[in-house]
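The values are calculated or read from the model by the stated rules, or taken from the named source; none is laboratory data. Computed from a predicted structure; not experimentally measured. Cβ placement follows ideal geometry from the backbone for every residue including glycine, while neighbour counts extend to all protein chains displayed. These accessible areas exclude ligands, DNA and RNA; they are computed on the full protein's heavy atoms, side chains included. Shrake-Rupley method; radii C 1.70, N 1.55, O 1.52, S 1.80 Å.
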Amino acid sequence: MPITVNLDVMLARRKVRSNELARAIGITDSNLSLLKSGKVKGVRFSTLAAICRFLECEPADILGYERSDDDLTATPEQ
């Protein structure tokens, strides 16, 4: 998948534990773990905003994009 999740890097930079973030933003530890591993198909903007607010960062600090061969064959949704 071309979208990468760098939440674990941001947590380490801010010296915040996953369970502390999960409690602060109101999600379960297991859902945060799934998000950190990139095993989710989506994330609500409200959740992303809460993470950014707590960690004092931007969405681009958490999410990244890596071009892949699949991108060449995909067509934009209309």
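Listing for the model above:
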item: Correct option for semi-axes √(5λ) of the Cα gyration tensor in Å [calculated from the coordinates] among (1) 20, 14, 12; (2) 25, 13, 12; (3) 48, 13, 9; result: (2)
item: Protein-only accessible surface order, largest first, of L34, L11 at 1.4 Å; result: L34, L11
item: Per residue value of the accessible surface for the chain (all protein chains in place, 1.4 Å probe), Å²; result: 77 Å²
item: Theoretical ellipticity at 222 nm over the chain - DSSP helices of four or more residues, -39500 (n - 2.57) apiece, nearest 500; result: -14500 deg cm²/dmol
item: Trypsin sites (Lys or Arg not before Pro) lying in DSSP loop within the range 1-57, provided at most 13 other Cβ fall within 10 Å; result: K15, R17, K39, K41, R44
item: Virtual spin-label span in nm between T4 and N19, 7 Å along Cα→Cβ; result: 2.9 nm
item: Where labels lie 7 Å past Cα in the beta-carbon direction, separation of D69 and S30 in nm; result: 3.6 nm
item: Carbon/sulfur fraction of accessible area - the chain, other protein chains in place, 1.4 Å, %; result: 50 percent
item: Long-range amide H partners of L63 with built H, under 5 Å; result: N6
